[in-house]
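Remarks on the structure that follows.
The values are calculated or read from the model by the stated rules, or taken from the named source; none is laboratory data. None of these values were measured; they are calculated from a predicted model. Positions of Cβ are backbone-derived with ideal geometry, glycine not excepted, and every protein chain shown enters the neighbour counts.
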Amino acid sequence: MYALVCLILLVAAGDGAQDTNDAKALLQRAESLARSVKSWRAEIVQTGQISGHGMNLRDQVRTKIAVQAPLKMRRENSGDDQTVLVCDGTESFYMGDGHSYYRNSAEANQDCNFPLSSSYQLPKDPVSVSIVGHDRIALADGSHACDVVLAESKNAVRTMCIDPTSGFILRDVRTFNNEGIQSVTTATFTSYESNPTFPPDTSKFSIPLGAVEAKPPI
């Protein structure tokens, strides 16, 4: 479904693709700005679809995430994934069913270190990268303009709507094709804050009554 919306967006751009250097410069600036952000908070809606060979699987997950470098974060999912991950700087706690949880070292859990800049990494040798249009994304604080960057590589297309002021990727669509199977994942931000003031219990994990500790997966 989103592939059709994306196609309409690209056609509506009308002016044709801009120079590749403009797109790469925007991505480099955006990644540089992202590296400077040590703490951030956001709400995201992610939809996924896998189709082909008689399959048509869909899911939707809403995520609330708060990150405080280093090794402090809280991620709560709802919808088709209802997991919770909390890192308090020393330990990480993960709960998936509300009845059991497991803990691990925060340093050993790579998800505890969640730099914003990780979202800006492209394949080493993309076939093309270009600015193909402009759009607006509605966030909690109002509508934000963004430049649409299209990055193509072997078997994959990534379409990012990047706020040219903050450098933030407001919408990220990743499409993969492999042997007749297509996977489309769309992440759209509904709110975002850089370096916010966090409540003191943001990275605190409260064990639900009756929940038991389980061994972490190997």
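Just a few scattered comments:
- Conditions (1) farther than 24 Å from Ile65 by Cα; (2) buried (at least 16 other Cβ atoms within 10 Å of the Cβ); (3) aliphatic (A, V, I, L, M); (4) in contact with a Ser or Thr (Cβ under 8 Å, 6 or more places away or on another chain): number failed by Val212: (2)
- So Ser32, is it within 30 Å of Ile131 (Cβ to Cβ), more than 15 Å from the chain's Cα centre (by Cα), in the same structural domain as Arg174 (by TED's automatic domain parsing) and modelled with pLDDT of 90 or more: no
- Residues (touching a residue at least 60 places away in the same chain (Cβ under 8 Å) and within 23 Å of Val37 (Cα to Cα)) located in region 122-150: Leu122, Ala140, Asp147, Val148, Val149
- Top-ranked residue of region 194-209 - restricted to ones that are among the hydrophobic types (A, V, I, L, M, F, W, C) and surrounded by 10 or more Cβ atoms within 10 Å (Cβ to Cβ), ranked as nearest to the chain's Cα centre (by Cα): Phe198
For (1) more than 15 Å from the chain's Cα centre (by Cα); (2) assigned to a loop (DSSP other than H, G, I, E, B); (3) under 30 Å from Lys204 (Cα atoms), each residue gets a yes or a no:
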| site | (1), (2), (3) |
| --- | --- |
| Ala108 | yes, yes, yes |
| Asp111 | no, no, yes |
| Phe114 | no, yes, yes |
| Ser118 | no, no, yes |
| Ile131 | yes, no, no |
| Ala138 | yes, no, no |
| His144 | yes, no, no |
| Asp147 | yes, no, no |
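- Selection status of Ser183, at negative phi, surrounded by fewer than 19 Cβ atoms within 10 Å (Cβ to Cβ) and within 18 Å of the chain's Cα centre (by Cα): yes
- Complete set of residues in region 159-180 that are crowded, with 17+ Cβ neighbours inside 10 Å and part of a strand (DSSP E or B): Thr159, Met160, Cys161, Ile162, Ile169, Leu170, Arg171, Asp172, Val173, Thr175
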